[in-house]
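One structure is given here, and the rest of the page talks about it.
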Amino acid sequence: MEEYVKPAGSFFGRVLFATIANIFIVLSMMVICVGAFTKNVGYKATVFDKDGKEIATYSYHESQGKDQKGADYEKQGYTVKKINDRSELSGKGLTTFNVTSTVISVALLTAFIYSKLWELGTRDSNAVHFGRKKKNTFRGLKIGLLGMLPFFLILILFFIFDGLTGGFYAIINANFYAINRAITGVGAFGDVSVARRLLLILPLLFAPLIGQLAYFLGCKNISINEKLIYKNKKKR
């Protein structure tokens, strides 16, 4: 068990770091796509008197025509502060966000966990070759599953506490934000069917599978980077 605990802890740390980085990536991509694919459709307004005291709030939509309410308040000497409402992200904009955020997030997650498991596979292969270690073909998968245990526990908590929201689960598992959001939506987690909840296990298996692939290639001393560079040199 000792040979799994330390690398599993490192694996968890790398997945956690990738998750935090991907939260910022998802939020940044959302801002970019909202700015590029949506438009202002109205605003929420807050009305203040001359002393800066809030006296009223209201919502305005462009379909209502002229904002007569705001004009009346301003005529009376009140200040109207507006926060724009934008149309919902949908169609091409939503597809662009889902695809780009997923591709970038998955690539980042893979980059964080691949090299360490590949190096571990190389070291273990050498140790087996010189008789210092027994062959353990699925060590990468076992390390990955153990390292992902905290994320599985989080999923179990969401199973238990139905009042938590699917949108919150999607953001704290931002490596697959768009996929998790498509499964859970943004409402109460308790409204999600058991079958759909079980689908949330699949994204959590990606990291252990990549870990196993990296470990296997490391054991075989197969470097994807070297092969790509070698092929590029031959083309030149």
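The values are calculated or read from the model by the stated rules, or taken from the named source; none is laboratory data. Just so it is clear, the structure is predicted and the values come from calculations on it, not from any experiment. Positions of Cβ are generated from backbone atoms using ideal geometry, with glycine treated the same way; all protein chains shown enter the neighbour counts. SASA here: full protein model, heavy atoms, side chains in, ligands and nucleic acids out. Shrake-Rupley method; radii C 1.70, N 1.55, O 1.52, S 1.80 Å.
Testing the spin-label approximation: label points 7 Å from Cα along Cα→Cβ at Lys75 and Ala56. State their distance in nm.
Distance between label points: 1.2 nm.
Rank-order 23-36, 42-55 by packing density, defined as the average count of other C-beta atoms within 10 Å over each peptide's residues, highest first.
Highest mean packing first, the order is 23-36, 42-55.
With just the Cα atoms defining each centre, how far is the stretch 88-113 from the stretch 24-83? Give it in Å.
So the separation of the two Cα centres works out to 30 Å.
Please compute the per residue accessible area over the stretch 69-214 with all protein chains in place, 1.4 Å probe, rounded to a whole number of Å².
55
Taking amide H positions as placed in the peptide plane 1.01 Å from N, state which residues far from Gly185 in sequence (5 or more) or on other chains have amide H under 5 Å from it.
Amide H neighbours of Gly185, under 5 Å, 5+ apart: none.
Between Ile104 and Leu205, take the C-beta separation as r, use R0 = 25 Å, and let me know the FRET efficiency to the nearest 0.05.
0.80
Tell me, what % of the accessible area of the chain is carbon and sulfur with a 1.4 angstrom probe?
About 63 percent, which is the carbon plus sulfur part of the accessible surface.
Under 1.5 on a/c is rounded, so check that first for the stretch 1-108, then, if it is not, pick prolate when a/b is larger than b/c and oblate when it is not; a ≥ b ≥ c are the square roots of the alpha carbon gyration tensor eigenvalues.
Judged from the Cα gyration tensor, the stretch 1-108 comes out oblate (a/c at least 1.5, b/c at or above a/b).
Rounded to the nearest 10 degrees, what's the angle between the helix 201-219 long axis and the longest principal axis of the chain, both from Cα atoms, 0 to 90?
30
Could you state the angle between the C-alpha long axis of helix 224-235 and the longest principal axis of the C-alpha atoms of the chain, as a value from 0 to 90 degrees rounded to the nearest 10?
Tilt relative to the chain: about 90 degrees.
For Arg181, Arg196, what's the largest-to-smallest order of accessible area, 1.4 Å probe?
Arg196, Arg181
Run lengths n ≥ 4 of DSSP H only: what is the helix-derived mean residue ellipticity at 222 nm for the chain, with -39500 (n - 2.57) per run over all residues, to the nearest 500?
Computed mean residue ellipticity for the chain: -22000 deg cm²/dmol.
Could you give the angle, 0 to 90 degrees to the nearest 10, between helix 2-37's Cα long axis and the longest principal axis of the Cα atoms of the chain?
The angle comes out near 30 degrees.
Under a cut-off of 18 Å between alpha-carbon atoms, report the aspartates and glutamates in cross-link reach of Lys66, not counting same-chain residues fewer than 8 places apart.
Within reach: Glu74, Asp85.
Rank by packing, highest mean first: peptides 118-126, 210-218, 57-65, with packing defined as the count of other Cβ atoms within 10 Å averaged across residues.
210-218, 118-126, 57-65
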